[in-house]
Amino acid sequence: MIDSMITNRRRCGKLSVRASFLATLLLSLIFVTELSANGAGLFRKAYSVETSNPEAAISYYRQAISAGLPANLRRAAVWKVYFLYKRNHYYIQAYRYGNSIGAGGAQQSEIMQNALHRWGITSSDFNKLVQGWASGNGFADLANQIIANRSRQGAVLAADLRRALEMEGNAALASRIVVRNPNSKSGNDPDIEQAEYFYAQGDLPGAERVLWKRMDASGYIDGAARSRILYLLGKIRLKQGKEEEAIRYYRLGAGYASDAESRRMLALASYQLYRDGKKDAAYELIDQFPEPDEDRMRLYFLVVAVDASGDANALRRLKGMEKELKERVRLGQAGFLEKKAVEMLNR
């Protein structure tokens with residue numbers, strides 16, 4: 001009797017352990033399945049934005065890898081991250097990531113060669129940047145030294161490095177990478193130069209982000225810098241189709257400039273508006289200006305006055321220039337303004 005009870009208890013104990021093991025295994029399988037499903041969802045999300053937002057795609061693919069993927073999808077995600085880094089000029093991340101996943105020597109060599117060509121640096125400098133990537137402030141000092149002294153494409157290198165650091169969530173370090181543009185009129189202000197570069201590359205959100213950061217930063221901003229910031233914000237708004245905001249920023253920017261610079265800025269802004277087909281807004285900016293001394297600027301003022309307001313005096317003066325204007329058109333020496341003037345005179 002007692003032996004029978006002991007035997008039953010042992011059987012029950014084994015069943016209990018077995019049931020516990022099976023329950024744990026089932027929970028583990030459910031957990032892994034959920035992770036895998038989540039990873040697959042992130043993979044699909046990454047795939048859908050590869051072209052429109054490669055930075056987001058990189059982030060989603062990396063999250064998918066961490067969440068768990070079937071072997072075939074995991075391998076695809078790993079290599080997609082590598083090639084997205086490479087195609088979008090994140091050369092340091094691409095090179096470091098390639099080393100971590102065992103990318104072939106030919107592929108790694110191609111990344112380096114692309115970087116050398118785009119950034120105008122030597123292979124030695126590229127290796128230093130790769131090695132110093134994770135060194136915090138030391139990386140900014142190294143990068144700035146290469147940008148200032150050895151790079152033939154300093155502005156491109158600086159912009160790419162700042163963009164790469166910002167994508168990694170290191171905006172503070174990115175702000176220490178300095179862009180130097182020898183043709184800039186921003187008074188060697190690295191933030192405004194950075195914004196001008198982003199604008200020239202068509203990255204309007206990037207340009208605006210840098211400008212607002214510069215405006216929000218503590219410290220004194222002189223009138224010339226403030227004028228440049230506001231003027232560039234106006235150009236951004238015009239590109240975005242926000243005409244009224246663009247005009248407001250143009251006027252604000254001109255208000256911080258000297259009289260001569262103010263008129264020059266508003267005249268340039270007016271010309272941009274006119275070329276975009278906004279003749280009324282263009283005329284509004286220069287309506288009260290004194291007549292300019294420079295011949296082409298005087299021609300522009302006359303063209304806008306006639307086109308926007310039907311100014312009879314401006315039309316009469318254009319007619320006095322008709323022979324000369326038509327001769328320029330005949331000889332192929334006419335620009336936009338001359339052609340526009342002749343077009344209006346022929347109506």
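Considering every residue within region 75-82, establish whether at least one is among the hydrophobic types (A, V, I, L, M, F, W, C) and within 16 Å of LEU129 (Cβ to Cβ). No, region 75-82 has no match at all. Scanning region 37-65 for residues that are outside any helix (DSSP H, G or I) and among the β-branched types (Val, Ile, Thr) turns up VAL49, THR51.
Just a yes or no: is a residue in region 314-326 within 36 Å of the chain's Cα centre (by Cα), surrounded by 12 or more Cβ atoms within 10 Å (Cβ to Cβ), of a type outside the set (Asp, Glu) and not assigned by TED's automatic domain parsing to the domain that holds LEU232? Step through it out loud before you land on a result.
Our first condition is that a residue be within 36 Å of the chain's Cα centre (by Cα); within region 314-326, this holds for none.
No: zero hits.
Among the residues that make up region 227-234, is at least one of them aliphatic (A, V, I, L, M), outside the structural domain of GLY310 (by TED's automatic domain parsing) and over 26 Å from the mean Cα position of the chain (by Cα)? The answer is no, given that none of the residues of region 227-234 is aliphatic (A, V, I, L, M), outside the structural domain of GLY310 (by TED's automatic domain parsing) and over 26 Å from the mean Cα position of the chain (by Cα).
Taken over region 269-283, the criterion of being surrounded by 16 or more Cβ atoms within 10 Å (Cβ to Cβ) and in a helix (DSSP H, G or I) is satisfied by ALA269, SER270, TYR271, GLN272, LEU273, TYR274, LYS279, ALA281, ALA282, TYR283. The single condition from (1) at pLDDT below 80; (2) under 22 Å from TRP79 (Cα atoms) that GLU193 fails is (2). Contact map, region 295-311: residues that are in the same structural domain as ARG347 (by TED's automatic domain parsing) paired with residues that are in a helix (DSSP H, G or I) and of a type in the set (D, E, K, R), Cβ distance under 7 Å, separation 6+ or inter-chain. Pairs shown: LEU302/ARG317; VAL303/LYS340; VAL304/LYS279; ASP307/LYS279; ALA308/LYS279; ALA308/ASP280. Just one of the listed residues (LEU157, LEU173) is buried (at least 21 other Cβ atoms within 10 Å of the Cβ) and either modelled with pLDDT of 85 or more or part of a helix (DSSP H, G or I) (or both), and it is LEU157.
Give me a count of the residues in region 244-255 that are surrounded by 21 or more Cβ atoms within 10 Å (Cβ to Cβ) and either on the phi > 0 side of the Ramachandran plot or free of Cβ contacts under 8 Å to residues at least 24 places away in the same chain (or both).
Residues in region 244-255 being surrounded by 21 or more Cβ atoms within 10 Å (Cβ to Cβ) and either on the phi > 0 side of the Ramachandran plot or free of Cβ contacts under 8 Å to residues at least 24 places away in the same chain (or both): 1 in total.
Looking at SER258, SER270, just one residue is more than 25 Å from ALA171 (Cα to Cα) and free of Cβ contacts under 8 Å to residues at least 24 places away in the same chain, and that residue is SER258. Every listed requirement among (1) in contact (Cβ under 8 Å) with a residue 24 or more places away in the chain; (2) touching a Lys or Arg at 6+ places or on another chain (Cβ under 6 Å); (3) of a type in the set (A, V, I, L, M) is met by ALA94 save one, (1). For ALA103, the conditions (1) in a helix (DSSP H, G or I); (2) over 16 Å from GLY154 (Cα atoms) are fulfilled apart from (1). Scanning region 223-243 for residues that are among the charged types (D, E, K, R) and touching a residue at least 12 places away in the same chain (Cβ under 8 Å) returns ARG226, ARG228, LYS235, ARG237, LYS239, GLU243. Tell me, which residue of region 245-282 that is polar (S, T, N, Q) and under 18 Å from ALA225 (Cβ atoms) is farthest from the chain's Cα centre (by Cα)? This residue is SER258. Looking across ARG118, ARG75, one residue alone is farther than 18 Å from PHE139 by Cβ, touching a residue at least 40 places away in the same chain (Cβ under 8 Å) and in a helix (DSSP H, G or I). It is ARG118. Apart from one condition, SER109 fits all of (1) crowded, with 17+ Cβ neighbours inside 10 Å; (2) more than 22 Å from the chain's Cα centre (by Cα); the exception is (1). Answer yes or no as to whether VAL130 is at pLDDT below 85 and in contact with a helix residue (DSSP H, G or I) (Cβ under 6 Å, 6 or more places away or on another chain). Criteria not met by VAL130. Selection within region 196-233: residues that are assigned to a loop (DSSP other than H, G, I, E, B) and within 20 Å of ASN88 (Cα to Cα). The member of this set that is modelled with the lowest pLDDT is GLN201.
The values are calculated or read from the model by the stated rules, or taken from the named source; none is laboratory data. Just so you know, these numbers come straight off a predicted model, no measurement behind them. Note that each Cβ is placed from the backbone with ideal geometry, even for glycine, and that neighbours are counted across all protein chains shown.
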